[in-house]
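For reference, the structure discussed in these notes is given below.
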Amino acid sequence: MTRESRKLLIKALRDKGKVTDNIIKVDTFLNHCVDMNLAKHIGQDIARYHAGTSIDKIITVEASGIIPAMAAAMYIGCDMVYAKKKIPLTMEKHYSAKSYSFTKQEETTLHVSEEVLHKGDRLLFVDDFYAGGNTLKAVESIAEQAGAKIIGRAVIIDKAGRDDIFSIVTLDEIKKVFAAQEIEDDDVCLRCGFGCWPDGGDAPGCWLRGKN
């Protein structure tokens, strides 16, 4: 299945982004200034991948996870809940769990109101990145406290390459792109979006052939 979001994301990374070791700079099109066309296609592809799955709500964490989570929720047709990093005065009862951010080098406590998360809710976790798994563990803890169930996990960029997480692209795939010779836009493979084949077609030589 060709993912338009993969091709758009790779093009944005090549044109505006930067990859240094495990640090991926995406602030000009994903998590500071947002390319809404890219966000739309990310939401569509997350929704397509989970088509046929019963999802009550999408859950994420403020702030960078809100854009992909909202986009996916719009196409899935469900509500979206995001864990807050501070407790507002209006949140009387809540579930909470601690999460450590390696990017910001700080620990944060995440909070979700008991009013928006209920026992039996089937949740799809959506975020921008998956790295060490601390955010996901915190959300899983919150879901467990509520008696809800995480039935799927989706991210834009998976740095760890976990098999049970749907991603638009992985860090290894990104590194392969940046290690390859410069390719023209017209030579982008229709399947993987990385220009793996000289004529740019969906050919047997595609190194992602067979992957969703």
Quiz prompt | Residue selected from the range 128-139 under the condition assigned to a loop (DSSP other than H, G, I, E, B) and open to solvent by 30 Å² or more (accessible area, probe 1.4 Å), by the criterion nearest to Ala63 (Cα to Cα) | solution = Ala131
Self-check item: Options Asp45, Asp15; residue that is part of a helix (DSSP H, G or I), out of contact with any Phe, Trp or Tyr (no Cβ under 8 Å at 6 or more places or on another chain) and open to solvent by 80 Å² or more (accessible area, probe 1.4 Å)
Solution: Asp15
Exercise. Please work out if Gly52 is in contact with a Ser or Thr (Cβ under 9 Å, 6 or more places away or on another chain) and of a type in the set (Gly, Ala, Ser).
Key: no
Exercise. For residues that are surrounded by fewer than 22 Cβ atoms within 10 Å (Cβ to Cβ) and not in a loop (DSSP other than H, G, I, E, B), scanning just the range 111-127, find the one that is farthest from the chain's Cα centre (by Cα).
Key: Ser113
Quiz item: Of the residues that make up the range 190-210, is at least one at pLDDT 95 or above, open to solvent by 60 Å² or more (accessible area, probe 1.4 Å), in contact with a Lys or Arg (Cβ under 7 Å, 6 or more places away or on another chain) and of a type outside the set (Phe, Trp, Tyr)?
Solution: no
Self-check item: Residues that are assigned to a loop (DSSP other than H, G, I, E, B), within 17 Å of Glu115 (Cβ to Cβ) and hydroxyl-bearing (Ser, Thr, Tyr), drawn from the range 50-94
Solution: Thr90
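The values are calculated or read from the model by the stated rules, or taken from the named source; none is laboratory data. Nothing here was measured: the structure is a model prediction, and the numbers come from that model. Virtual Cβ from ideal backbone geometry, glycine too; neighbours counted across all protein chains shown. With ligands, DNA and RNA removed, areas are computed over all heavy atoms of the protein, side chains included. Shrake-Rupley method; radii C 1.70, N 1.55, O 1.52, S 1.80 Å.
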